[in-house]
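Take a look at the structure below.
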Amino acid sequence: MKSVTLRHSGETATVGKVLCLGRNYIEHAKEINTEIPEHPIVFLKPSTAIIGSGDNVMIPPISQDVHHEVELVVMIGKDGKNIPKSKAYEHVAGYAVGLDMTLRDVQHEAKKKGLPWSVAKGFDTSAPVSTILERKFVPNPHNLEISLKVNGEIRQKSNTKNMIFPIDYVVSHLSTIFTLEKGDLIYMGTPEGVGRVVPGDTLEAELESVAILHVGVAAYNS
């Protein structure tokens, strides 16, 4: 089973669900020519998508167009169902930086045919994530610079204050649909600047004062 580590305590937690938000930054919605959502757009990745810093994103042979999406990640620390917004942070263990790697060509083809696109988002190694910084060390998760470098060049740079749906709302909303359990991860959506990566690239994702994540990119058939 995949697990994540809380940095200061050294505690590990088994990852159950990986819940991801789409279009949670206005500028990203604009760059992919889609409407600004009125409610969170949610999709799932399996826990087998999780990798850590120093690992490689492995591109499956079904895709020739893989994109990076840097994201704030929230780890759930306490089980809950129908969590009131006012109590949402009681269920948050901490924060991390992660990547939602996407097989964009596979996703586009599935969307064109009206088919599910779980394969494009949920393939093995598609959810790199850093260690978790405990919530008490992050006074305001809604005002953090977030960025991604590919081969040392900035590709994405924004601030979590630009998220459409804040963390407490998202936790409360998701808990009305899914029982949230300790170890679940919520990927909070990506800002503008998504783009292609290829085998041999190195990625450095950073969430200000929280974490830095380094991963490489390789191909299964290389």
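For the pair the range 139-155 / the range 1-27, the C-alpha centres are spaced 17 Å from each other. Using a simple spin-label model with pseudo-atoms 7 Å out from Cα toward Cβ, Glu35 and Asn143 lie 3.4 nm apart. Its Cα gyration tensor gives the range 126-222 an equivalent ellipsoid. The semi-axes, each the square root of 5 times an eigenvalue, are 26, 17, 13 Å from largest down. When the alpha carbon coordinates of the chain are projected onto the principal axes, the ranges are 45, 37, 31 Å, largest first. For the residue pairs Lys45/Lys87; Lys81/Lys157; Lys45/Lys136; Lys111/Lys157, the C-alpha atoms sit more than 32 angstrom apart in Lys81/Lys157.
Taken together, the values in this text are just the output of simple stated rules run on the coordinates, not laboratory data. Predicted model, so just to flag it, every value in this text is computed and none were measured. Neighbour counts are summed over all protein chains in view; Cβ atoms, including those assigned to glycine, are modelled from backbone coordinates with ideal geometry.
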